[in-house]
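Colleague: Got a structure for you, questions after.
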Amino acid sequence: MYRVRTFNKIAPKGIERFPDLGFEVGPAVGDPHAILLRSHKLADDELSRSLAAVARAGIGVNNVPVDLCSERGIVVFNTPGANANSVKELVLAALLLTSRDVLGGFNYVRSLEAVTDDAQLHRLVEAEKSRFKGHEVAGRTLGIVGLGAIGSRVARAALNLGMDVLGYDPALSVDAAWRLPSEVKRMENLPTLFARSDYVTLHIPALAENLGLVDADLLGNFHPNAVLLNFARQEVVDEAAVKAALADGTLAAYFADFPSTVLAGEPKAHTTPHLGASTAEAEENCAVMAADQLRQFLLYGNIDNSVNFPSVALDPAGGHRVGVTNANVAGMLGQIMSALADARINVIDMINKSREHVAYNLIDLDTKPSEALLGRIAAIDEVMSVRLFDPLEGP
């Protein structure tokens, strides 16, 4: 029986991805083999000895102790792209709201609720509507920093709105490049992208090299009355520099999904309460993807969309499957193979991949290994975990 503990409210469609037979899933599950969560801050003492995997139904994993999980051979998954359409639509809403003063016009009309004469109401509206005049986005230039699942969707939508689109992403993957519309003009550096853009939207992770990336120097490349949109992470923007840019007219508006005490009360700064993935569809997509990843790993040891382990997929070749996680140092595979050879167990198929300091091996054997043999492999220096994957028998 595979035990999966859930935190937060997980969309039912995700829970339904676990078969009734062989899985126990819920918030009260003890000593879990896997954890499925959203925003819950996972404490170190919640990483039980039996835990093999943690799946975050979302993109960020700042609520998971990833380094400690890696040390213990625990795979951490996230769900990149599952909420991409939800975030894209909010970015488009922000783009349009910063080009047309819809919010100002709405608030003005609401302030006239005491007016009971239609003729007077229309006279007031006609006299004041020029206060809320905006401009079209068609023909303007949008710069996109980060061209992954979200950035590529924003690019396509902006092109459909008649905008020119510039893109910057030094870490663009092959898969992301295939998704990217050919009309997007690739920029070699950020200062040039900022200088040529009327709007810039950020879609980059909060990696160490990105913290405070958008600072006073970078904002200084904007022409007057530009717009900055941040639906990536709060930490990638220097909010004090944004406030100064709003004050001196460099920025006409800043729209972000992260409320800030630095920008509180700033009329040109608009923030929403972390609404990027707050749609029923996004929550379902994330839950389904996370559940599918956990199920594939628990049953077969396959790994997809992990933030700390390499991607590994091995079709079942019959026999019995063992997964071994070890430090990525020389000679490890030879020691593992020697232990199997000494036990006179034949290897049917295998795959070995590494990522930074972690190496992961999936090995299909013609004979079920004994507990003693698994213990011998686990006792090899630099081995982090050893797991027997058996879809029929469970862990």
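Colleague: Any idea how many residues of segment 4-18 are open to solvent by less than 60 Å² (accessible area, probe 1.4 Å), of a type outside the set (S, T, N, Q) and either part of a strand (DSSP E or B) or in contact (Cβ under 8 Å) with a residue 60 or more places away in the chain (or both)? Even if it seems obvious, please write down each step before you answer.
Modeller: Filtering segment 4-18 for residues open to solvent by less than 60 Å² (accessible area, probe 1.4 Å) gives 4, 6-7, 10-11, 14-15, 18.
Next, only the ones that are of a type outside the set (S, T, N, Q) stay: 4, 7, 10-11, 14-15, 18.
Subsequent filtering for residues that are either part of a strand (DSSP E or B) or in contact (Cβ under 8 Å) with a residue 60 or more places away in the chain (or both) retains 4, 10-11, 14-15, 18.
Here the count works out to 6.
Colleague: Restricting to segment 173-210, name every residue that is exposed (fewer than 13 other Cβ atoms within 10 Å of the Cβ) and closer than 22 Å to PHE258 by Cβ.
Modeller: Hits for segment 173-210 are LEU207, ALA208, GLU209.
Colleague: Continuing with this model, one more query. Within segment 265-279, take every residue that is among the β-branched types (Val, Ile, Thr) and in contact with a helix residue (DSSP H, G or I) (Cβ under 9 Å, 6 or more places away or on another chain) and give me the one that is least open to solvent (accessible area, probe 1.4 Å). First the steps, then the outcome.
Modeller: Of all residues in segment 265-279, those among the β-branched types (Val, Ile, Thr) come to 271-272, 279.
With in contact with a helix residue (DSSP H, G or I) (Cβ under 9 Å, 6 or more places away or on another chain) added as a condition, the list becomes 272, 279.
Details: THR272: 22, THR279: 44 Å².
In this case the residue turns out to be THR272.
Colleague: For residues in segment 131-146 being modelled with pLDDT under 95 and open to solvent by less than 50 Å² (accessible area, probe 1.4 Å), which is nearest to LEU229 (Cα to Cα)?
Modeller: Of everything passing the filter in segment 131-146, GLY134 is nearest to LEU229 (Cα to Cα).
Colleague: Still on this structure, please answer the following. Looking only at residues that are surrounded by fewer than 16 Cβ atoms within 10 Å (Cβ to Cβ) and assigned to a helix (DSSP H, G or I) in segment 359-377, which one is nearest to the chain's Cα centre (by Cα)? Write out each step before concluding.
Modeller: First, pick out the residues of segment 359-377 that are surrounded by fewer than 16 Cβ atoms within 10 Å (Cβ to Cβ): 366-368, 370-372, 375.
Subsequent filtering for residues that are assigned to a helix (DSSP H, G or I) retains 371-372, 375.
Values: GLU371: 38, ALA372: 40, GLY375: 36 Å.
The qualifying residue nearest to the chain's Cα centre (by Cα) is GLY375.
Colleague: Please work out which one of (1) within 30 Å of PRO32 (Cβ to Cβ); (2) open to solvent by 20 Å² or more (accessible area, probe 1.4 Å) is the condition VAL262 fails and give its number.
Modeller: (1)
Colleague: Which residues, taken from segment 229-255, are part of a strand (DSSP E or B) and touching a residue at least 40 places away in the same chain (Cβ under 8 Å)? If you could, list the steps in order and put the result at the bottom.
Modeller: Residues of segment 229-255 that are part of a strand (DSSP E or B), as a first pass: 229-230, 237, 251-255.
Answer for segment 229-255, where residues must be part of a strand (DSSP E or B) and touching a residue at least 40 places away in the same chain (Cβ under 8 Å): LEU229, ALA252, ALA253, PHE255.
Colleague: Filter segment 305-322 for residues that are open to solvent by 10 Å² or more (accessible area, probe 1.4 Å) and in a strand (DSSP E or B); which is nearest to ALA379 (Cα to Cα)?
Modeller: Among those residues, the one meeting the criterion is ARG321.
Colleague: Still on this model: Of the residues that make up segment 323-334, is at least one of a type in the set (Gly, Ala, Ser), modelled with pLDDT of 95 or more and open to solvent by less than 10 Å² (accessible area, probe 1.4 Å)?
Modeller: Yes - at least one qualifying residue is present in segment 323-334.
Colleague: In segment 33-65, which residues are over 24 Å from TYR300 (Cα atoms) and open to solvent by less than 30 Å² (accessible area, probe 1.4 Å)?
Modeller: Scanning segment 33-65 gives LEU42, GLY60, ASN63, PRO65.
The values are calculated or read from the model by the stated rules, or taken from the named source; none is laboratory data. None of these values were measured; they are calculated from a predicted model. Cβ coordinates were reconstructed from backbone atoms using ideal geometry, including for glycine residues, and neighbour counts include every protein chain displayed. When the accessible area is computed, the model is the full protein with side chains, heavy atoms only, and any ligands, DNA or RNA have been set aside. Shrake-Rupley method; radii C 1.70, N 1.55, O 1.52, S 1.80 Å.
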